[in-house]
Structures are given as C-alpha cells and as structure tokens.
C-alpha cells in the first residue's frame, strides 16, 4: 500500500494531501483484522479474569475483583509494564463497539512510518485521542502478554502451594 505513496499524498501545513487509493478488499480486511485483535484480546482478558477467580476459589482462597485488580497492577508495576495499555485497549475497543469503524491513515512524519486507525474524518493529527497508532496496538499486545505470563506464574504457584 505505502509503495504507491507520493508527495501528493502527504499533508503539510502548506498543502492538503490527496487520499491514497487502496484496494477495498485489502483495506476492509485490514480494518476487520484490527477490530478482531481488539475484540478478541478483550474477550481473552475477560475469560482470564474468570479463570483467575475460579482457581483462587478452587484452592480455598477466593478473591474479589478489587483484589484481582490490585494483584495484576502489582505484577505490572514489578515488571515495569506501563498500565496505559489496558486503558488504550478499552478505549479503542469501545470506539469500535459503540461508534463505528476506523479510517486508516499513514503517519509519515518520522523515519519509521506508522499506520493510524483514525476515529473521525480529520486532516490534522494533533490530538492523539482521535486516533490509535498501530505501534500502540503492539504495545497493548505486549502488555497483555506480560500480564498473562505473570498470571500464569502466580496461578501455578498457587496450585503448587495447595498440594
């Protein structure tokens, strides 16, 4: 897609850019895949919460939702994981669930380009609340993975102690 990007497609303070024509099938598949990542990750988190509660109950140490949140936050803090990934996931998923599909745009301002999932039809990207960077989705996935590993370690330890 980006291979067809020319100077005419770049927005500058002096010149408004033209939209980059992209094959609809490819564009809609990318949007659908991004939506799927957000929804499936959120669903997995919900299932993991239930599993964590079930294991704690099974070993005779039930926990409340508040205790679970404190535990998870302490794992993230101990591992130096920024808590922001969870809010970003929640915000992006809620946008798709309650407001609509993302537009796609490229941020070509840095050496490493980034795909933007834009929440409204805008031409100036000066408010990060109006879009989600693909690199942020990667951070969300990394945060989830790190928390999953910490939870797995915790639950294995809990089950080992119960024997």
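The values are calculated or read from the model by the stated rules, or taken from the named source; none is laboratory data. Treat the numbers as computed from the prediction; the structure is a model and nothing was measured. Backbone-built Cβ (ideal geometry, glycine too); neighbour counts: all protein chains shown.
Taken over region 73-86, the criterion of being touching a helix residue (DSSP H, G or I) at 6+ places or on another chain (Cβ under 6 Å) and surrounded by 15 or more Cβ atoms within 10 Å (Cβ to Cβ) is satisfied by 75, 81, 85. Listed conditions (1) more than 19 Å from the chain's Cα centre (by Cα); (2) loosely packed, with under 13 Cβ neighbours inside 10 Å; (3) touching a residue at least 12 places away in the same chain (Cβ under 8 Å) are all met by residue 68, apart from (2). Checking the structure you have, find out if any residue of region 98-106 is touching a residue at least 12 places away in the same chain (Cβ under 8 Å), under 14 Å from the mean Cα position of the chain (by Cα) and surrounded by 12 or more Cβ atoms within 10 Å (Cβ to Cβ). Yes.
Reported count of residues in region 101-111, each being touching a helix residue (DSSP H, G or I) at 6+ places or on another chain (Cβ under 8 Å) and either modelled with pLDDT under 85 or farther than 18 Å from residue 36 by Cβ (or both), is 1.
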